[in-house]
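To start, the structure itself, in structure tokens.
No value in this document is a laboratory result; all are computed from the given coordinates. Computed from a predicted structure; not experimentally measured. No Cβ is skipped: glycine too gets one built from the backbone with ideal geometry, and neighbour counts run over all protein chains shown.
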Amino acid sequence: MGSDAEIRKLARALEVPPERLGYLRDVPVGELRALRARTTDVLYDAHLDVLERMAGASRLLPSPLLARLAERVFGPLLSARIAGLVEARHGVDIAKRLSSRFLADVAAELDPRRAAGIIAGLPAPVVTAVAAELARRRDWITIARFVDLLPRPTIMASVEAIPRDALPEVAELLDEPRRVRYLLGENDDLAG
């Protein structure tokens, strides 16, 4: 992956246009990735004590109620922040009850590293519906962030929801380049 792809991902984390970070083009990719990880950590750790209390309180409420609260009260940003703090099985149970549109909103805000257990536990049909929504939005950055963590069978099921001509761009945005074979197919000429 080149520095342009990493700059796009950093710009997404900072909510600025990538052009504003053009001065970083000569910075090695590994350093840009580390900067993005540190930036994400700082953003996610803000108000961590409050978020941990909210996540703890979520254990007391039934999943159907939490799903309704997430969509109607918390919104995608707060839901994404809390997702990384709840027990994976509970998070999966809640996520299965959310609309694919809302899950796509959450996915765009989520630090996948913090919710890896939830992500890996989502049923393939849920992930495929979210991938279709993200593809409709042309949100290749978010799709790539999840390809890095999803189990291979889920990726293979979801890749059908992504337009073929977008796959090289998604592949360029992967943090784990070896996973490109799951995205593009083992025998695909683009898989290298």
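In deg cm²/dmol, rounded to 500, what helix-only [θ] at 222 nm does the chain give when every DSSP H run of at least 4 residues adds -39500 (n - 2.57) and the total is split over its residues?
Theoretical 222 nm ellipticity from helices: -18000 deg cm²/dmol.
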| field | Efficiency of FRET between residue 132 and residue 74 - r from beta-carbon atoms, R0 25 angstrom, step 0.05 | value | 0.60
| query | In what sequence do 147, 16, 126 fall when counting other Cβ within 10 Å, fewest first? | reply | 16, 126, 147
| message | I'd like the FRET efficiency for residue 124 and residue 29, computed as 1/(1 + (r/R0)^6) with the beta carbon distance as r and R0 of 30 Å, rounded to 0.05. | response | 0.45
| query | Which value results for Rg/Rh of the stretch 123-192 when Rg is the Cα radius of gyration and Rh the Kirkwood radius based on the inverse mean 1/r? | reply | 0.91
| Is any helix in the chain, taking whole DSSP H runs, at least 18 angstrom long along its axis by alpha carbon and on average at least -1.0 on the Kyte-Doolittle scale, and which ones? | 29-45, 124-137
| message | Quick check: residue separation of residue 41 and residue 87 times 0.36 nm, minus the Cα distance between them. What number comes out in nm? | response | 14.6 nm
| the stretch 94-192: trypsin sites (Lys or Arg not before Pro) falling in loop per DSSP and having at most 12 other Cβ within 10 Å | 138
| Can you give the Rg and Dmax of the chain based on its C-alpha atoms, in angstrom? | 16.7, 51
| field | the stretch 1-43, Rg to Rh (Cα coordinates; Rh as Kirkwood inverse mean 1/r) | value | 0.92
